[in-house]
Amino acid sequence: DAKAKAGDAADLCPLQVDRRSKGGKRLKCIRAVVDSGAEGSVVPPRVFAAEVRSSAMSRVGGRYRAANGGRIPNLGEQRGKFETDEGAACEIKLQVAEVEKPLIAVSDLSAAGNEVSFGAKGGRILHLASKKETKLVREGGVYVLRMWVEDAEEEPAPTSFRRQGLRR
């Protein structure tokens, strides 16, 4: 089902789970499921700040089939820039659709020169040319890539509200 059911992996992998600052920039953590059975990598709109451009699939009106049989239109593609927990700067081309959570296809990672492996406690993405390793976290039976992206949301402005005390 394209929409999350209570208790499934989407409950364990919300879009926004944490915030931190680095070099004066606010970052938020996006948790993407890494899937060896996915045909392609797809992300909901507004996860990355990059412009969404038309893709071959969006130009022909392509749609994804949800588990419930419904159809989800492809909105285009974008290049998502992020940082890993290990501090490596990364970029990945993703299709954009109104899905619940980001999904990274192992086939896309492999085509980009990576080797992906899964184990009982987690997994890893190994960039073959540089030998740099990115850890995957195992959560509820799925493998998750933690992607730190620039947080465009503004912090709430401080208010001038003062709590009224009891008058005596």
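In the stretch 62-151, which trypsin sites (Lys or Arg not before Pro) are in a loop and have at most 12 other Cβ atoms within 10 Å, using DSSP for the loop call?
Answer by residue number: LYS121, LYS131.
Compute the distance in nm between two label points, each set 7 Å from the Cα along the Cα-to-Cβ direction, one at ARG53 and one at ARG79.
Each label point lies 7 Å from its Cα, and together they span 0.7 nm.
In nm, give the distance between the simple-model label positions of LYS93 and GLU133, each being 7 Å from the Cα along the Cα-to-Cβ direction.
3.0 nm
Each value in this text was obtained by applying a stated rule to the coordinates, not by laboratory testing. Quick caveat, the model's predicted, so the values are computed rather than measured. Cβ sites come from the backbone with ideal geometry, for glycine too, and all protein chains shown count toward neighbours.
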